[in-house]
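Peer 1: The structure is given below, and queries will be raised subsequently.
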Amino acid sequence: MKSSNHDDVRIGRIKYSNVWPVFHYFNTESLPGSARLVTEVPSLLNRGMLNGSLDIAPVSSFAFGLGWERLCLLPGLSVSSDGPVNSILLFSRKPPEQIGSGVIALTNTSATSVNLLKIIMEKAYGGKPTYWDSEPNLDAMMEKSDAALLIGDHAIEASWRKHDYILTDLGEVWKRWTGYGMTFAVWAVQKAFAEQNPVFLSRVCSSFEESKRRSLNDLSPLVDQACRQIGGTSRYWRHYFNNLCYDFNEEQQAGLALYFTYARELGLLEHEVRLDIWSDNTLIRVKE
């Protein structure tokens, strides 16, 4: 079942609440063979998928762009928004279009949002800021910056605090500027692993889809968990999960393709990116 060089299958899980619907009912024990979850921030999962130490994981869209030749997308799964995303936030003292030559502190936890900000600042606003990487601590970031980018639960918690900063939602800016939604994360598998383990991978895809379906059918368990672990109100979290899109259809694919085009034009990516989506339709099923 497993490829011969694996003791067990390593499946990544992002630490942030934005992937909870896809993982809430996902259970490695229901999979054939041996699999374990590795829970980390996006940057570490990205590294694991790019260096081959993880087999399957949600990855930042930009990381997929870097490694698309060795990775395949799992069908029907993403973390996307069609406008405001509520967890990819730029905090600034002035509107972002007025800090084109300023200093912006970047979270060190995700490449997709960092490069989305660079695309927006340079292509939409015509600016050329100076960037520096920081731990996701808003106060420390703003001590020597005109703006700070936070993502995920760090962004959510900072947005609840009392502060005088202008909040800019990058998902909202992208939608207004391009007309497309933005895909922040996709689910990927090593191509070599997919070729060797089609039956196992089919089960993984089904399990993710089932978790997504059950979660979105009744958000109450996720909402309760978010209130307990992170804080905030049930109303906030219900809106947060309902607002995100976990599909990956033609609309999301078109928006992501445009993002990759802009990234290449700015020199953030060296090559074109092809969105190869894994499918078991054409695979010959073998009896295990």
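The values are calculated or read from the model by the stated rules, or taken from the named source; none is laboratory data. Given the structure is predicted, the values throughout are model-derived calculations rather than measurements. Cβ placement follows ideal geometry from the backbone for every residue including glycine, while neighbour counts extend to all protein chains displayed.
Peer 1: Look through the range 6-43, keep the residues that are without any contact (Cβ under 8 Å) to a residue 60 or more places away in the chain and under 23 Å from Ser61 (Cβ atoms), and return whichever of them is surrounded by the most Cβ atoms within 10 Å (Cβ to Cβ).
Peer 2: Applying the filter and picking the extreme gives Gly12.
Peer 1: Which numbered condition in (1) farther than 15 Å from Val9 by Cβ; (2) among the hydrophobic types (A, V, I, L, M, F, W, C); (3) surrounded by 19 or more Cβ atoms within 10 Å (Cβ to Cβ); (4) not assigned by TED's automatic domain parsing to the domain that holds Met121 is the only one that Val204 fails?
Peer 2: Condition not satisfied by Val204: (1).
Peer 1: Could you check the range 214-225 and list, in sequence order, the residues that are closer than 20 Å to Ser78 by Cβ and surrounded by 13 or more Cβ atoms within 10 Å (Cβ to Cβ)?
Peer 2: The answer is Arg214, Ser215, Leu216, Leu219, Leu222.
Peer 1: Anything in the range 115-132 that is surrounded by 14 or more Cβ atoms within 10 Å (Cβ to Cβ) and touching a helix residue (DSSP H, G or I) at 6+ places or on another chain (Cβ under 8 Å)? List them, or say none.
Peer 2: Within the range 115-132, Asn115, Leu116, Leu117, Ile119, Ile120, Met121, Lys123, Ala124, Tyr125, Gly127, Pro129, Tyr131 qualify.
Peer 1: Here's a follow-up. Test of understanding: among Leu244, Leu150, Leu170, which residue is in contact with a Pro (Cβ under 6 Å, 6 or more places away or on another chain), surrounded by 15 or more Cβ atoms within 10 Å (Cβ to Cβ) and under 30 Å from Gln98 (Cβ atoms)?
Peer 2: Answer to the selection: Leu150.
Peer 1: Of all the helices (runs of 4 or more DSSP H) wholly in the range 61-152, which have at least 3 residues that are within 19 Å of Leu44 (Cα to Cα)?
Peer 2: 61-67, 111-119
Peer 1: Mind listing whichever residues of the range 21-45 are at pLDDT 90 or above, in contact with a strand residue (DSSP E or B) (Cβ under 6 Å, 6 or more places away or on another chain) and not β-branched (Val, Ile, Thr)?
Peer 2: Matches in the range 21-45: Phe23, Ala35, Leu37, Leu45.
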